[in-house]
Every structure is written in C-alpha cells, then in structure tokens.
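Reading through the structure tokens given below for one structure.
The values are calculated or read from the model by the stated rules, or taken from the named source; none is laboratory data. This one's a predicted model, so the numbers in the text were calculated from it and none came from an experiment. Ideal geometry is used to build each Cβ from the backbone, glycine not excepted, and the neighbour counts take in all protein chains shown. For accessibility, only protein heavy atoms count, side chains too; no ligands or nucleic acids. Shrake-Rupley method; radii C 1.70, N 1.55, O 1.52, S 1.80 Å.
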Amino acid sequence: MNKYNRIFNFAAGPAMLPEEVLETAKNELMNYKNSGMSVMEISHRSSLFNDIITEAENNLRKLLNVPNNYKILFLQGGASTQFSTVPLHLLKTKAAYINSGHWSSRAIIDAKVFGDVDIVASSENDKFSYIPDCSNLNLSGYDYLYYCDNNTIYGTKFKEVPDSKGIPLVCDMSSCILSEVIDVSKYGIIFAGAQKNIGPAGVTIVIIREDLINNCREYTPNILKYKIHSDKNSLYNTPPTYTIYMCGLVFKYLLNNGGIEEQEKRNLEKAKYLYDYLDNSLFYKTLAEKNSRSIMNVVFTTGNKELDLLFVEEAKEYGLENLKGHKVLGGLRASIYNAMPLEGVIRLVDFMKTFEERHHV
Ligand SMILES: Cc1ncc(COP(=O)(O)O)c(C=O)c1O
C-alpha cells in the first residue's frame, strides 16, 4: 500500500485531487508563507489572499488560453445556481436549450421560471444514451443557446461544439473542464462546479465574455449579479477562501505538468484502456452510444442489479471506491477525472477481469 493507505476514488464529485497538491496543502496547513496562520484563517481582504486569488485566476487564464475580453469569476452556490443566474442575465425573449441529460433538464426547469424556453435538440427519447445532432439548429429569434458538454450521469460528451449561429453559447462544463483543450472564444459563458476537475467543492468558476456581464434583470439579487462579482474581483462577499487556494494549487500543478494538452493525452489513454476492455467483454455492457462516450464518466453494467451491487462491494475491498452508478440510471460508473492516474484504471480493469471470471456464466 502507499504511504497514506489511499484508495482509488472513482466518485463523480467531489473527486480525487492530485497527491502532490494535497501534500503541498498539508505542508502549508499550519503556517502559510510565514503568516503564522492557515489559509483558512486569513482574511479574504488580506494581501496574502489577494495574491492567492490573483495567481489562481492568472494560471487558469493561461491553462485555458482565456482571451482578454473574458472575465473569470469565482462564485458560490454550486453549478446549480448558474441554472438561474444565466437566464437572469441573458433571457430576454426566448432561449434555446439542448437537453442531453439530467443536468440540462434541471437547467431547463430553472430557466423556464424566467421566460420562454425551447428544447431545440434532445436525446431524452433514448434515456439520454447519445448526444443529439446539433449540426444545424434553427436558432433565429433566440437569445442564447445552452448545453451541458459532458453528461456526468449518462456518460456522454459532445464531440463538436454546437454551432450557435452567432448567438451567445452557454455551456455547463462542470464535469469536463480542464480535461481537454477548448476554444474559449466560441462561448459566451462557461461555468463549472469545482468538485470534479478543479478542486474541492465550494466554488463555481464562471468564464464570461465581457459584453454579457451587464444585462441582468432589474430584480436580480445582488449576490447573483455577474457585474458586481466582476467589479469586485470575486470579493463582493466572503468567498470560499480555502477552496480557491486549493483550486490555485491544482492550476499550478497542471501548468507544471504539461498543461491541458498533456492532461487531455492522459485522459484519452485512461478512457481508451477502460473502454477497450469493456468493448471486448461479453460480461459488461456500456450504456452510452459509442460515438457519444465521455472520457470522464464511464457508465456500464453487468446487466444484473444484484451483481452490480456485489461489484461495488467487492471493488471496495480491492481499494476501488464509489463505483455505483447515479441513482437515476443505476448500474456502475467509473469517474476518471484528471487526478485519477492510469494506475487506478489499470487496477480497476484487473479487478473487473477477476470479477468477470468469477461471475460470468
Ligand atoms: C454537469 C453537471 N452540472 C451541474 C452539476 C451540479 O453541480 P452543483 O452540485 O455544484 O450544483 C453537476 C453535479 O454533479 C454536474 O455533473
């Protein structure tokens, strides 16, 4: 076993963090930069914290090559709060939503509170097992197009950025941000909860084009106004200081380890290893259509509820945790975010082979 008896955590989020990041946090826990305090204890108005948030923002800008006309905000309330904040700012007449799973369905419900919402593409007819065709959507008259890039529960992922035909494109990237190279300039707003690829739970990153910041509805609560957070550099109210510090450590770690290009390469390698095994097995079935597969969340099943449960239990004894599928879909799910090493996926496949040998009839 390793130094800390750590297991491989396949949870969909909160998820694994790079060990090197946890080591740094541990070493700096009691006395951050000779302040005599932990980061948890320093004021969000101090110059020490100002350095932490500024460096985190600059490093995220570098990692994703964020253009100068975009602001990066560190907000609270989870990705779910953005389901309302987005329409409060952008929905004037009617909005176009792509429904590719649970989280876009939730965003649609919340947007409908504020005006007309049309579902312009959907894969609900087949239990969200695929990504709907979005190559030529009719978007005339819509204020914006919304989609969720990686469907954490159904294990599907857009392979192409939908063409928003000139209207702002809004994307929930909660479960794929920093996993692959993206072109930020194609988007009006990108948002993502931190707890999968960015850091611990508690902060939501919003990357927003400057011209979209200002136009919220009059009755928008101040705490939800992008403009206020932007003007105050995400310090309008007390931010989750320790979470932002941890996110900053992850950004630094990624920059020091080849950036997003390298991370994408590693992620593709891990996903290929697991899908290749699944595709060659007569025992396990994958649930997402092949050309819609996520490289972050791999969903599969033995086809037998009891066996799936036994799989989860026995995997735990093997040092592989949180492999149970989401309750809305059932089955099994291996979330293999950035911080999951290839070694963890190899161990999972080793376990899957022995489980198959023991239970395949
Ligand atoms: C794609 C996606 N969007 C939104 C959410 C909701 O995030 P939060 O719990 O931060 O509100 C999740 C949570 O897992 C998610 O996977």
Check your understanding: Before we move on, is residue 131 within 16 Å of the ligand (Cβ to nearest atom), in a loop (DSSP other than H, G, I, E, B) and either in contact with a strand residue (DSSP E or B) (Cβ under 9 Å, 6 or more places away or on another chain) or not assigned by TED's automatic domain parsing to the domain that holds residue 160 (or both)?
Key -> yes
Practice item. Please specify each residue of the stretch 54-77 satisfying the condition of being within 11 Å of the ligand (Cβ to nearest atom) and open to solvent by 30 Å² or more (accessible area, probe 1.4 Å). Key: 76, 77
**Study point:** Selected residue (only one of 178, 145, 169 is open to solvent by less than 10 Å² (accessible area, probe 1.4 Å), in contact with a Phe, Trp or Tyr (Cβ under 9 Å, 6 or more places away or on another chain) and at positive phi)
**Key:** 178
Study note, to complete from the structure: Out of (1) under 29 Å from residue 286 (Cβ atoms); (2) more than 16 Å from the ligand (Cβ to nearest atom); (3) open to solvent by 10 Å² or more (accessible area, probe 1.4 Å); (4) of a type outside the set (Ser, Thr, Tyr), the one residue 113 does not meet is (1)
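Can you tell me which residue is surrounded by the fewest Cβ atoms within 10 Å (Cβ to Cβ) among those in the stretch 230-242 that are out of contact with any strand residue (DSSP E or B) (no Cβ under 7 Å at 6 or more places or on another chain) and part of a loop (DSSP other than H, G, I, E, B)?
The qualifying residue surrounded by the fewest Cβ atoms within 10 Å (Cβ to Cβ) is 238.
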Check your understanding: Which of (1) closer than 20 Å to residue 162 by Cα; (2) within 16 Å of the ligand (Cβ to nearest atom); (3) among the acidic types (Asp, Glu) does residue 118 not meet, given it meets every other one?
Key -> (2)
Exercise for review: Go through the stretch 284-302 and give me each residue that's crowded, with 17+ Cβ neighbours inside 10 Å and touching a helix residue (DSSP H, G or I) at 6+ places or on another chain (Cβ under 9 Å).
Suggested key: 284, 286, 293, 294, 295, 296, 298, 300, 301, 302
Review point. Residue 327 fails exactly one of the following numbered conditions: (1) under 27 Å from the mean Cα position of the chain (by Cα); (2) on the phi < 0 side of the Ramachandran plot; (3) in contact (Cβ under 8 Å) with a residue 12 or more places away in the chain. What is the number of that condition?
Key: (3)
Point to revise | Selection within the stretch 14-58 - touching a strand residue (DSSP E or B) at 6+ places or on another chain (Cβ under 7 Å) and closer than 30 Å to residue 316 by Cα | key: 15, 16
Exercise for review: Could you tell me whether any residue of the stretch 245-258 is buried (at least 20 other Cβ atoms within 10 Å of the Cβ) and either in a loop (DSSP other than H, G, I, E, B) or without any contact (Cβ under 8 Å) to a residue 12 or more places away in the chain (or both)?
Suggested key: no
Exercise for review: Under 8 Å between Cβ atoms, at least 6 apart or on separate chains: pull out the pairs that start in the stretch 286-302 with a residue that is on the phi > 0 side of the Ramachandran plot and end on any residue that is crowded, with 20+ Cβ neighbours inside 10 Å.
Suggested key: none
Review point. Under the condition of being more than 16 Å from the ligand (Cβ to nearest atom) and not basic (Lys, Arg), which residue from the stretch 89-100 is nearest to residue 227 (Cα to Cα)?
Key: 89
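Okay, residues lined up against (1) in the same structural domain as residue 196 (by TED's automatic domain parsing); (2) farther than 20 Å from residue 353 by Cβ; (3) not in a helix (DSSP H, G or I):
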site: 266; (1), (2), (3): no, yes, no
site: 272; (1), (2), (3): no, no, no
site: 298; (1), (2), (3): no, no, yes
site: 314; (1), (2), (3): no, no, no
Revision key, fill the gap. Checked the stretch 151-168 for anything under 16 Å from residue 290 (Cβ atoms) and in contact with a strand residue (DSSP E or B) (Cβ under 6 Å, 6 or more places away or on another chain); matches are 155, 157
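Within the stretch 84-128, how many residues are in a helix (DSSP H, G or I) and in contact (Cβ under 8 Å) with a residue 40 or more places away in the chain? Outline the logic, then answer.
First pass over the stretch 84-128, keeping only residues in a helix (DSSP H, G or I): 84-90, 102-112, 124-126.
Right, trim to in contact (Cβ under 8 Å) with a residue 40 or more places away in the chain and you get 84-86, 88-90, 102-104, 107.
Of the residues in that region, 10 qualify.
Please go through the stretch 1-51 and pick out each residue that is open to solvent by less than 80 Å² (accessible area, probe 1.4 Å) and assigned to a helix (DSSP H, G or I). Please lay out each step first, then the result.
Let us first name the residues in the stretch 1-51 that are open to solvent by less than 80 Å² (accessible area, probe 1.4 Å), namely 2, 6-13, 15-18, 21-25, 28-29, 31-32, 35-39, 42-44, 46, 48-50.
Scanning the stretch 1-51 gives 21, 22, 23, 24, 25, 28, 32, 39, 48, 49, 50.
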